[in-house]
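The values are calculated or read from the model by the stated rules, or taken from the named source; none is laboratory data. Note that the structure is a prediction, hence the values are computed from the model and not measured. Here the Cβ is made from the backbone with ideal geometry for all residues, glycine too, and neighbour counts use every protein chain on show.
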Amino acid sequence: MENILLRIIDKKDFNEHPILYKYRDWNDVRHHKLLSDPSVYFPPHTEFKDPLDCKIRVPYEKLSDTEIFEYFLGESFKVHPDYEYFQHCNWACERFQNGPLRDRKHLYETEIDTSKEFNERFGVLCLTTDQLNINMWDEYANHKKGFCVGFDSKRLLEYMGGSVVRYVDDLPAIKPLEDHRIQFYKKVFFKESKYSFEKEYRMYKFWSQIPSNRNVKIEKECILEIIFGPDIIPKDKFEIESYVRLHLPHVKLIETKFDGNKIQFCD
């Protein structure tokens, strides 16, 4: 399990899906920037509709005294490899007595501060492998009136970290003292099974300071395809086509149609 969780970036996942997609709405002027000034937006997790998304908390209050002492004892062996065993015990006892892990008020305040900082300095770009999903066309592309952008997944990885989302019936519990990379992976790359239809991949971005702009510029070559929704307004389609042919001639333009209960590519 931990070997899987520690793979924050597994390029094999992206080799299997060289193009990843993002549904967009031309009525939202912010989405124009994706083409006019190629960039992708990394929202904070508080903008997600799923109330549990990226919000698994760390239950520090469940730590037992034994777990806290054993944690500090293990840290002593790492920090002081030349200590005798009784010295390790003394070092662990001192931190057990005076350290913050037994201060409930401090832990609560730390959790609030950490959550706030995570929201302010961390962003997630949600992508999918499925460019013909009717539910996502309705939800994220103005009820099939929008468009879908296909990105070169390998090129995107040059700008940011990422991984496939894993869908589970029950979200994994985060252990307070486990590796922070594992905590991060559980928090960001696991979602409930009911969202499995999204077939999601995620890119993520950390900023050293609170960003004034959450848009990250990318090379125009990162954009490979633009797929038009089956009900796109002709004026919107014309504007997108005109801009792409003039400024992004390498991008493939693809039309779709609504056939029964499915969205399909036009012949």
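What the table below lists for this structure:
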| item | result |
| --- | --- |
| Count of the stretch 160-182 residues which are farther than 18 Å from Asp50 by Cα and either over 14 Å from the mean Cα position of the chain (by Cα) or surrounded by fewer than 16 Cβ atoms within 10 Å (Cβ to Cβ) (or both) | 10 |
| Residues of the stretch 72-85 satisfying the condition of being surrounded by 18 or more Cβ atoms within 10 Å (Cβ to Cβ) and either part of a loop (DSSP other than H, G, I, E, B) or in contact (Cβ under 8 Å) with a residue 24 or more places away in the chain (or both) | Phe72 |
| Where Lys235 falls short, out of the listed (1) within 20 Å of Asp28 (Cβ to Cβ); (2) in contact with a strand residue (DSSP E or B) (Cβ under 6 Å, 6 or more places away or on another chain); (3) of a type in the set (Lys, Arg) | (2) |
| Single residue of the stretch 52-65 satisfying the filter (part of a loop (DSSP other than H, G, I, E, B) and crowded, with 16+ Cβ neighbours inside 10 Å) that is farthest from the chain's Cα centre (by Cα) | Leu63 |
| All positions within the stretch 136-182 that are under 24 Å from Lys235 (Cα atoms), of a type outside the set (A, V, I, L, M, F, W, C) and not in a loop (DSSP other than H, G, I, E, B) | Asp138, Glu139, Tyr140, Gly150 |
| The lone exception for Asn133 - which of (1) farther than 30 Å from Phe228 by Cβ; (2) crowded, with 16+ Cβ neighbours inside 10 Å; (3) in the same structural domain as Asp25 (by TED's automatic domain parsing) it fails | (1) |
| Single condition Lys49 does not satisfy, out of (1) modelled with pLDDT under 90; (2) out of contact with any strand residue (DSSP E or B) (no Cβ under 8 Å at 6 or more places or on another chain); (3) surrounded by 15 or more Cβ atoms within 10 Å (Cβ to Cβ) | (3) |
| Residue match in the stretch 192-204 (condition: within 30 Å of Ser64 (Cβ to Cβ) and either crowded, with 19+ Cβ neighbours inside 10 Å or in contact (Cβ under 8 Å) with a residue 12 or more places away in the chain (or both)) | yes |
| Where a residue in the stretch 239-254 is without any contact (Cβ under 8 Å) to a residue 40 or more places away in the chain and its partner, wherever it lies, is among the hydrophobic types (A, V, I, L, M, F, W, C) and part of a helix (DSSP H, G or I), with Cβ under 9 Å and at least six apart | Val251/Leu35; Val251/Val244; Leu253/Ile240; Leu253/Val244 |
| Filter pass, His45 being within 29 Å of the chain's Cα centre (by Cα) and touching a residue at least 12 places away in the same chain (Cβ under 8 Å) | yes |
| Qualifying residue in the stretch 207-215 (condition: outside any loop (DSSP other than H, G, I, E, B), under 25 Å from Gly162 (Cα atoms), out of contact with any Cys (no Cβ under 8 Å at 6 or more places or on another chain) and of a type in the set (Ser, Thr, Tyr)) | no |
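To keep it simple, each residue is scored yes or no on (1) at pLDDT below 90; (2) acidic (Asp, Glu).
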| position | (1), (2) |
| --- | --- |
| Thr66 | no, no |
| His88 | no, no |
| Gly99 | yes, no |
| Lys105 | yes, no |
| Tyr108 | yes, no |
| Asp113 | yes, yes |
| Thr128 | no, no |
| Leu132 | no, no |
